[in-house]
Every structure is written in C-alpha cells, then in structure tokens.
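Down below is the structure, laid out as structure tokens.
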Amino acid sequence: MTYVPPEVIEEKVLEIYEDIKGRYAELKNKDKLKIPTVEMPAQDPHVRAHNLEEVAIGYTLEEAIVEANRCLQCPTQPCIDGCPVRIDIPAFIEKIALNEIQQSVDIIKEASLLPAICGRVCPQESQCQATCIVGKAKKDVDKAVAIGRLERFAADWERERGAIKVPEVKPETGKKVAIVGSGPAGLVVAADVRREGHDVTIFEAFHKLGGVMRYGIPEFRLPNDIVDIEISTLKKMGIKFQMNYVVGRTRKLTDLMAKDGFDAVFLGTGAGLPIFMGIEGENLVGVFSANEYLTRANLMRAFDREHADTPIYKSKVVAVLGGGNVAMDSARMALRLGAEKVYVIYRRTEVEMPARKEEVLHAKEEGIEFHFLQNAKRILGDEKGRVVGMECLRYELGEPDASGRRRPVVIEGSEFTIDLDTVIVAIGNGSNPLISQTVPELKVNKWGNIVVNEKQKSSVDKIYAGGDIVLGAATVILAMGEGRKAAASINELLAENVETEKEAEINS
Amino acid sequence: MSKILYKEQLSENVYLMRLEAPLIAEERKAGQFIILQIDEDFGERIPLTIADANAEEGSITIIFQVVGLTTEELSLMNVGDAIPVLVGPLGTPTHIKNYGNVVCVGGGIGVAPLHPIAEALKAAGNNVTIIIGARNKELIILEDEMKKIADEFIICTDDGSYGRKALVTEPLKELCERDPKPDMVIAIGPPIMMKFCSETTRPYKVFTQVSLNTIMVDGTGMCGGCRVNVGGEVKFVCVDGPEFDGHLVDFDNMMQRLNAFKDIEEEKHHCHIDKLVELKEKEL
C-alpha cells in the first residue's frame, strides 16, 4: 500500500457520498459491499517524520458517513464479541451512517468512557474488525468496516464541540475505593465504580496522569491533550486524583485500608519493569530501555529540546531491538528526535511481528529500516564506554514454539557488525515488583504477575487487580476489559457491604 | 506541591532545605531518597537523599550541591516557595542492625545522606567511628551533628585547611589495620571516593557498603536508567539500592553512565546562564 494524500481520499469519498446521501434505508447489502474502504487520511510521511503531530488525521464527516454505510448491520453482531468492553458497535455505526453523531457517541459511552483513546490505539484488526463479516466477505481483514476509525471520529466530533457529556453518578454511598495507577485499567475501574456512587481516589506515582498512555505511547499516535480531556471527564464525575504518590512507598498498601479507610483497592500498576537482553555491552552509555527512551521523550517532554530540562541522547544511528508496538513507537520517536538512520532488528520475520500492521506500515513509510531474522549478540563500546556498534547474528525459522510462532534458530557463524551509537531495547516488560514485595500475602506467578480469580480478585480480600500487572505486557483495551470486570466485582462487594450495614442498623 | 519551610546555605555551593512532606516524613527510613522536579511540565526529575525528617512537623530535610540546571534553580528558591513535584520515600532502606564496630565515611555532600544512617547505626548499639572529608574547610558540612553521634571522629581535608591533610582512605586504612578491624564500613560520597574506599577495605575483607546516586527518571524501577553492574548482575539503584556491596560494584561503568548526558547538559547550562544574565541585565 502506498501513501494516499488526504485530499485524494476526500475527493474520492465525496463522489460516493453524493451518491448514497439520504439513501441509507434503501441500500442493500450488495450496494454496501460495493463501497470501498475509506482509508485513514494521514500526514505526509516525509513531513511527519520530523514532527510530533498526530500521524493519522481522522475522518471528515462525509468520510465517516461513507465508511459507516459499509456496515451490514448483521444480526449476529460478531464485532461485539471481538470487543473486550463490548461496545454496541453496529448501533453506533448506524447512527453515524444516519448523521446522528451525538447519539452515536452516547451509545459508545455506555460501554467505554475513553473512546478517543481506544479509537486510536486499539488493535481493532485482531479484535472487533477481525470478526467483521464485511472483511470476511472480502477475504481481507483490512477491508473490514473501519470500526476504530469510526469510534475515533465520533469521540473527536463530540470533543471538538467542547461538550463532552459527564456520566451520571448515583447518590453517595460513603464507601471508599483506592485505585493504584492511572493507566487504562485504573481509569475504567474508577469510572465504573464512581458511577455507583462510591468515593474514588486514584493514586499515581508520576506527576501526570494516564500511565502508559502518557509516558509510553507517543504524541504522534495519541496526543496528550486527548488523554487529558478524557481524564477531565472523570474529574467532573468527582473522582479524586493523587499524583506523586507511590503506593508501597509513600504509603503501604495495607495502610490504605487499615489507616485511610479504603473499603477496596484496585491495583492497575502496569508492566513497568523493562526486560533487557542480558548480553555483553548492555550497560554501555547509549543503550536504553524503550521505557526510559519513551518516558524521557513523552512524559518528560524531551522532544521539546528548547524548553525541557530532561536531556535525550543525541543519536545518529539507532537500532531498536524488538518487534512490538513499543519497538515501533521507539523507532519512530528516534527518527523524530533527529536520528539519521533507524533500524528495527527483529529475530523472526514480519509475519510474526506482534506490532500492529498499521504501525509497521507507518514506520516503513517514514523510512525506518527493518532487519528481519537478525538479533543482537553483543554491543560494542569505545574507551569512554559509549556505544559504537553492535554485533548481530542471523536467524532462520524452525519449528513452532509454545506461542505457535515458528521459533527463530541462530545460524552459527553468521556474525556481522553494524556501526551505530544508540540501542533501544524493546523486547518487553515484566511486572514491577514494588507493590507485591511490600505485601507478601499477595500471590504472584513466576513472572511476578498478580494472580487473580475470574472476578479479578487477588489472593487478599478487598484487593483486586487488572491490566498488565495481571496479564503481562498487553494492550490498552485488554487492560480496560479487565478493569471493567474488576469494577463489577468491587461494586458487587460494596453493595453487599451496604446491605449488611443496613440490616445491622435495622436489627439494632 | 511541597512548601519550602527553611533554607540555609551550608557552604559555597551547598544548601539545606526543610520541605513540607508529611507522608514522606512519616514513612521514610534511613537510606531512602526522594525525587523532585521544579517545573511540572518541563522540569527534570532528580533524586536527592533524605538527610533528616521530622514527623511531627511533617517535614523532611534535603541537602544538595549545585551541580546542574535543577539544583541551581532549586538553590534560587526561597522559604514559602513551593516545589511542584516531590515523591518518595524511594529506595530500599539501609539494613540497620548491631554489627559491632562500624565506620561511616562521608565525602563532601555525601555526609548529608550518611547522617541519618550513622544515627540509626548508633541507636542500634554499634560503636560508630565517623570519618568526614572534603576538599577544604569551607566544604565540610554537618560537623557538629556528626561529632555528636561518633564514638571516634576524624576530619580530613585534601588541602589540610582543616583536620588531617589526607584523603578519607588514609584513616580508613589505619582503622582496617587495627585489631579488631571494623565489622562494617559504609562510605557515601563522590563515586571516585566510594570506589577507593572499597579498594581500601577489600584486602582486609571488611564488608563495605556504598550508596549510589545515579541518573534516574521514574525512581520506581520502570526505566532502568539507573542500572549498575553489581557482582556481574544488573541492579536498579532506585529499587534494589541505593546501597550495595562496594566490593561488587562496577564503579568505572557507573561513572561512565553518570556522564551519559554531560555534553547536552553543559550546552543547556550555558544557554541557561546566558538567559539568567540576560534577565539580570534587563533588571538593571
């Protein structure tokens, strides 16, 4: 696929729009199937590779309406099953098709309070869009109805009008819930629990809210303003935020309940423990975890060299190790920070890469070089301990492993060296042990993930957990899905408490 | 937000501040640190050891030396001003127990983090020898406070302007040669001093702890920027430390890593000074 400028997309769409305008009711499935996918308008790759503006520009109203007309409104609704938070997808799409955008937003918000975020960063191609009948009919998941783009459109439409509706909150119950971490899981729990009238406080270690959406996912994929605005809705619901507060250090987790009177706690602390390769030279100056690199650039705003005090390494040639979304984000950020050459080095092939296709495509368009079936053997430094090169090995694919992907097998004697000055390690995250270490009764598995039951309850009463701290590094929407389940369990627990107290009052 | 309650200049470039931080004051233990930022949007995060705390007043004390952009701006703040970002207490507290004979070695600004540790070691029943050293007399801090704790007290300066004209490693070596030799040494100061203290005690097989102050971003184990090589293993100073067995630390790599951003910082610092000069000139 080659890059298509926004004005070309728009021109094509307007023709179709004129043709179908006002005819929604009379369009048959075969007419709908004839409408081509509306591509996402994006900034020119040559321009965007040097700025932090959002890459995807978003649909115009006409583009959204045309794309929404492609939905067959099939009775089986397989897309809903593909959505971790079960948004009523056909219903919200139909409203867009009918140009009733506010109603569309309202439908989305019944299930998700963060649609502008999900519409941007969810891997729809492996969730709702994977099961879409249109995509199946065309035997190409890329031709499924663009559910994510439509979700984003609806959310942006509402936000740009400056009139985001605040969800209703039931009368105060007097029950207190502490949420640890303001990432996607925590925010969903906060909203769902607050709606029931419970008093909710979110504790965040950093000075800014949003967790991985703030420190990890870059501005060009998810602008900070969007995260801020979605969070401001939660503030308007009466949710309290306590920043610069490390639960487990500033206050013990158990003290939140024993001393501060919280009736339940949700742990959504994420997968904040960078995994390194364990190879020679990894402590050299110029080797960074993706977490560090992205946190400096995003949260600490090091991309704004003129204003930010936090420095970021000056790189000419960068290698990013890994093949996930974080690797793509790191590579594309390095390019935007002025690197002349950026390689992504991945030991399997493009097919096995866990990154979203769209991110890989965008990275390629921007000029990132992909080196498949290669991996770092050791990192080379100069006398000052600074990175000057990397010795790599070539791989071939062998038998499938536990993950079902073909295992990369090293080709002995295939060593070769590349010259570079920066290495970013993006091979995944473990779970941060800070909290579990301070609560020995909290059961964790061998990877340090908190063990929970089907209701997201941990081994300790009143403590629930969800998101990456349970799943290992996953996605924003899976974290939200877990948050939704946890919130339901917490609401159930607190409702029981309220009932018991009422009975006790009557009996006395 | 954390208000500055008290400020004192201890020497040319060293300041003491008492900051409002009730929760940190309540929870902190010897050896722990805080991270602060002087601008919520564009500030950098720097770790500073907690030198003291007063749970009743709800305050902590920090002592810092002006070495870069943030410490310089911090030194220009005054009583009543608020520090927008202050988080802690971070790090694993010092393991305090009765070792028997302990030697606490503090170099320059390192005396500040050493103070609460020496105090706790004394309270745990240890016989505490304290060595403090600095380049010259003006740079000696907390002399009276440390003297109060010490069973034996030694001061050295590089130029001989006060106390013994010696590096701290000299008296440390003498103590190691005594019978009985120390049961534990804790050395806090510039990396090069901690390296040589560790080298001094190594032949005597005296357990030596050092407290590392590396570059950090989050301070909770998330970024790995503070990683050091300890006995061939990668450790994170912010959560595994800041204290480690000095005989196992790869100081050379740590010192290289401390210089990772030196060129950029110097560039920035010059721009910053130019800006300050410009502001001053405008004022006149």
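Yes/no per residue for (1) at pLDDT below 95; (2) surrounded by 24 or more Cβ atoms within 10 Å (Cβ to Cβ); (3) under 26 Å from A:Val47 (Cα atoms):
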| site | (1), (2), (3) |
| --- | --- |
| A:Lys252 | yes, no, no |
| A:Asp263 | no, no, no |
| A:Thr269 | yes, yes, no |
| A:Val287 | no, yes, no |
| A:Leu321 | no, yes, yes |
| A:Ala331 | no, yes, yes |
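The conditions of being within 13 Å of chain A (Cβ to nearest Cβ) and surrounded by fewer than 17 Cβ atoms within 10 Å (Cβ to Cβ) are not met by B:Glu44. Screening the candidates A:Val265, A:Val287 for the property of being touching a residue at least 60 places away in the same chain (Cβ under 8 Å) and within 13 Å of chain B (Cβ to nearest Cβ) yields one hit, A:Val287.
Applying the criterion of being within 7 Å of chain B (Cβ to nearest Cβ) and in a loop (DSSP other than H, G, I, E, B) to the residues of the stretch A:291-303, the residue that is surrounded by the most Cβ atoms within 10 Å (Cβ to Cβ) is A:Met300.
Cβ separations smaller than 6 Å between residues 6+ apart or across chains give the following pairs from the stretch A:159-184 residues that are outside any loop (DSSP other than H, G, I, E, B) to residues that are loosely packed, with under 13 Cβ neighbours inside 10 Å: A:Lys176/A:Gly261.
A:Glu306 meets all of the listed conditions (1) under 17 Å from A:Leu52 (Cα atoms); (2) surrounded by 22 or more Cβ atoms within 10 Å (Cβ to Cβ); (3) not hydrophobic (A, V, I, L, M, F, W, C) but one, namely (2).
Looking across the stretch A:128-143, the residues that are crowded, with 17+ Cβ neighbours inside 10 Å and in contact (Cβ under 8 Å) with a residue 60 or more places away in the chain come down to A:Ile133, A:Val134, A:Lys143. If only residues of the stretch A:220-234 that are part of a loop (DSSP other than H, G, I, E, B) and either surrounded by fewer than 21 Cβ atoms within 10 Å (Cβ to Cβ) or among the basic types (Lys, Arg) (or both) are counted, the one that is farthest from the chain's Cα centre (by Cα) is A:Pro223. Taking the stretch B:131-219 as the region of interest, the helices (runs of 4 or more DSSP H) fully inside it that hold 1 or more residues being touching a helix residue (DSSP H, G or I) at 6+ places or on another chain (Cβ under 6 Å) and buried (at least 23 other Cβ atoms within 10 Å of the Cβ) are B:169-177, B:191-201. A single member of A:Glu94, A:Glu10, A:Glu100, A:Glu54 is without any contact (Cβ under 8 Å) to a residue 12 or more places away in the chain, assigned by TED's automatic domain parsing to the domain that holds A:Phe153 and of a type in the set (D, E, K, R), and it is A:Glu100. Taking the stretch A:202-219 as the range and being within 14 Å of another protein chain (Cβ to nearest Cβ) and not in a loop (DSSP other than H, G, I, E, B) as the test, the residues that pass are A:Phe203, A:Val212, A:Arg214, A:Tyr215. Within the stretch B:110-122, identify whether any single residue is more than 30 Å from A:Glu204 (Cα to Cα), of a type in the set (A, V, I, L, M), in contact with a Leu (Cβ under 8 Å, 6 or more places away or on another chain) and buried (at least 17 other Cβ atoms within 10 Å of the Cβ), and answer yes or no. Looking for residues that are more than 30 Å from A:Glu204 (Cα to Cα), of a type in the set (A, V, I, L, M), in contact with a Leu (Cβ under 8 Å, 6 or more places away or on another chain) and buried (at least 17 other Cβ atoms within 10 Å of the Cβ), one finds at least one in the stretch B:110-122, hence yes.
To keep it simple, each residue is scored yes or no on (1) within 22 Å of B:Val14 (Cβ to Cβ); (2) modelled with pLDDT under 95; (3) of a type in the set (Asp, Glu).
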| position | (1), (2), (3) |
| --- | --- |
| B:Gly68 | yes, yes, no |
| B:Pro84 | no, no, no |
| B:Val87 | no, no, no |
| B:Asn98 | no, no, no |
| B:Asn101 | no, no, no |
| B:Ile130 | yes, no, no |
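When residues in the stretch B:67-87 are screened for being more than 7 Å from chain A (Cβ to nearest Cβ), within 17 Å of B:Arg18 (Cα to Cα) and of a type outside the set (D, E, K, R), 11 of them pass. The residues in the stretch A:1-47 that are surrounded by fewer than 11 Cβ atoms within 10 Å (Cβ to Cβ), under 28 Å from the mean Cα position of the chain (by Cα) and not in a loop (DSSP other than H, G, I, E, B) can be counted, and the count is 1. One residue alone among A:Arg48, A:Arg86 is on the phi > 0 side of the Ramachandran plot and in contact with a helix residue (DSSP H, G or I) (Cβ under 8 Å, 6 or more places away or on another chain), and that residue is A:Arg86. Every condition in (1) part of a strand (DSSP E or B); (2) of a type in the set (A, V, I, L, M, F, W, C); (3) within 28 Å of B:Lys205 (Cβ to Cβ); (4) not assigned by TED's automatic domain parsing to the domain that holds B:Asp144 holds for B:Ala30 except the one numbered (1). Scanning the stretch B:83-100 for residues that are over 9 Å from A:Arg249 (Cα atoms) and assigned to a loop (DSSP other than H, G, I, E, B) yields B:Pro84, B:Thr92, B:Pro93, B:Thr94, B:His95, B:Ile96, B:Lys97, B:Asn98, B:Tyr99, B:Gly100.
For the stretch A:268-284, the set of residues classified as within 8 Å of chain B (Cβ to nearest Cβ), under 22 Å from A:Ile179 (Cβ atoms) and assigned to a loop (DSSP other than H, G, I, E, B) consists of A:Gly272 only. Checking the stretch A:403-413 against the condition returns no match, with no residue being closer than 22 Å to A:Gly261 by Cα and assigned to a strand (DSSP E or B).
The values are calculated or read from the model by the stated rules, or taken from the named source; none is laboratory data. These numbers were taken from a predicted model, which means no experiment stands behind them. Positions of Cβ are backbone-derived with ideal geometry, glycine not excepted, and every protein chain shown enters the neighbour counts.
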